[in-house]
Ligand code: YSA
């Protein structure tokens, strides 16, 4: 009889899929009115020679069924969500939501301002050839201007002319090589220089290059475009300063600074594209003229958000980054 109870109890247990039917099963086989309890309760009425065996077999089966019950209950709670007691009335927990890095935001804002002025966006690669980074920009080997852009050279088998671009200007040449004027592009991207860092210099930073080439492009177009950019990014009352500057790939060259609490912070270099650069890509420099500029979005973000040290941008401190 005890073996029959065991067989039936185990077989019934296998068919159980809910907490409610498991409880029914427990009542039926382990409850106060179960057959096992009744056998134990009436054990005295059995002949004396059977009591020990029946008592021991019944207790063993009871322990086994209790063990099976606990095991089954645990498995059921893992697979059956109805036992996880989800309280659907509780307010949800907010997930962590990421945001754009301030430099990504400012790059988007700047490229969108130029987009409104008819410039399209192109991107280049962060590794460059010496030829594009320097030679085609009228910066031959041994030219002192190369020092300005202390270079991180790449260690490649059988190649000594691979580098991490020191500015986005090589993209001027690459765009011109593949396009017939008129051209109006901006090129955002990362640059690298082997130089010491301080509050306004990083060894890796971004630039946004700009290039416009067509017939009759003048220096006034350059100034008008950059004034409009400054007005869009810093507002109409922020002071802007142009000064003469030298870059081998422009003639004449300028830099542009923005007022920062009485100080001037340089944000870009610019100028009229040098005839040698135009001719280097096969353009007729008596027909086409152009202007170009290269600006630093980190410096622009510093001025825009009043950040006193450029190194905050890439120190990956969430206390800083989550403010944007
Ligand atoms: C000039 C004339 C052109 O026709 C076109 C482009 C240029 C810019 C030139 N290629 C260039 O790289 N000039 S620059 O060395 O003065 O850098 C331009 C801007 O990049 C700077 O005004 C600054 O805003 C940013 N920059 C340069 N070095 C940096 C930096 N930002 C952060 N850390 C650095 N180390």
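The values are calculated or read from the model by the stated rules, or taken from the named source; none is laboratory data. The structure presented is a predicted model; accordingly, all values stated were derived computationally and were not measured. Glycine gets a Cβ as well: all are built from the backbone with ideal geometry, and neighbour counts include every protein chain shown.
Filtered by the rule that a residue be in contact (Cβ under 8 Å) with a residue 40 or more places away in the chain and either loosely packed, with under 13 Cβ neighbours inside 10 Å or more than 24 Å from residue 18 (Cβ to Cβ) (or both), region 54-75 gives 54, 57, 58, 61.
Every listed requirement among (1) surrounded by fewer than 21 Cβ atoms within 10 Å (Cβ to Cβ); (2) within 10 Å of the ligand (Cβ to nearest atom); (3) more than 31 Å from the chain's Cα centre (by Cα) is met by residue 257 save one, (3). Across region 174-190, the qualifying residues are those that are touching a residue at least 12 places away in the same chain (Cβ under 8 Å) and assigned to a loop (DSSP other than H, G, I, E, B), and the one among them that is surrounded by the fewest Cβ atoms within 10 Å (Cβ to Cβ) is 182.
Does at least one position in region 212-230 carry a residue that is closer than 30 Å to residue 162 by Cβ and in contact with a strand residue (DSSP E or B) (Cβ under 7 Å, 6 or more places away or on another chain)?
Yes, region 212-230 contains a residue that is closer than 30 Å to residue 162 by Cβ and in contact with a strand residue (DSSP E or B) (Cβ under 7 Å, 6 or more places away or on another chain).
Of the residues making up region 127-141, those that are surrounded by fewer than 18 Cβ atoms within 10 Å (Cβ to Cβ) and either touching a helix residue (DSSP H, G or I) at 6+ places or on another chain (Cβ under 9 Å) or under 23 Å from residue 273 (Cβ atoms) (or both) are 129, 131, 135, 140, 141.
Scanning region 191-241 for residues that are more than 10 Å from the ligand (Cβ to nearest atom), outside any loop (DSSP other than H, G, I, E, B) and within 19 Å of residue 274 (Cβ to Cβ) yields 212, 213, 214, 215, 219, 220, 221, 223, 225, 226. Among the residues making up region 271-324, those that are more than 27 Å from residue 225 (Cβ to Cβ) and either within 11 Å of the ligand (Cβ to nearest atom) or without any contact (Cβ under 8 Å) to a residue 40 or more places away in the chain (or both) are 311, 312, 314, 315, 316, 317, 318, 319, 320, 323.
Assess whether residue 168 counts as being on the phi < 0 side of the Ramachandran plot, in a loop (DSSP other than H, G, I, E, B) and near the ligand (Cβ under 9 Å from one of its atoms).
Details: on the phi < 0 side of the Ramachandran plot: yes; in a loop (DSSP other than H, G, I, E, B): yes; near the ligand (Cβ under 9 Å from one of its atoms): yes.
In short, yes.
Answer yes or no: is there a residue in region 195-202 that is under 25 Å from residue 116 (Cα atoms), surrounded by 14 or more Cβ atoms within 10 Å (Cβ to Cβ) and in contact with a helix residue (DSSP H, G or I) (Cβ under 6 Å, 6 or more places away or on another chain). Talk me through it step by step, then tell me what you get.
Kept after step one, since they are under 25 Å from residue 116 (Cα atoms), are these residues of region 195-202: none.
Looking for residues that are under 25 Å from residue 116 (Cα atoms), surrounded by 14 or more Cβ atoms within 10 Å (Cβ to Cβ) and in contact with a helix residue (DSSP H, G or I) (Cβ under 6 Å, 6 or more places away or on another chain), one finds none in region 195-202, hence no.
The conditions of being touching a helix residue (DSSP H, G or I) at 6+ places or on another chain (Cβ under 7 Å), assigned to a loop (DSSP other than H, G, I, E, B), under 30 Å from residue 182 (Cβ atoms) and modelled with pLDDT of 90 or more are not met by residue 118. If the condition is being more than 10 Å from the ligand (Cβ to nearest atom) and assigned to a strand (DSSP E or B), then region 260-270 contributes 260, 263, 264.
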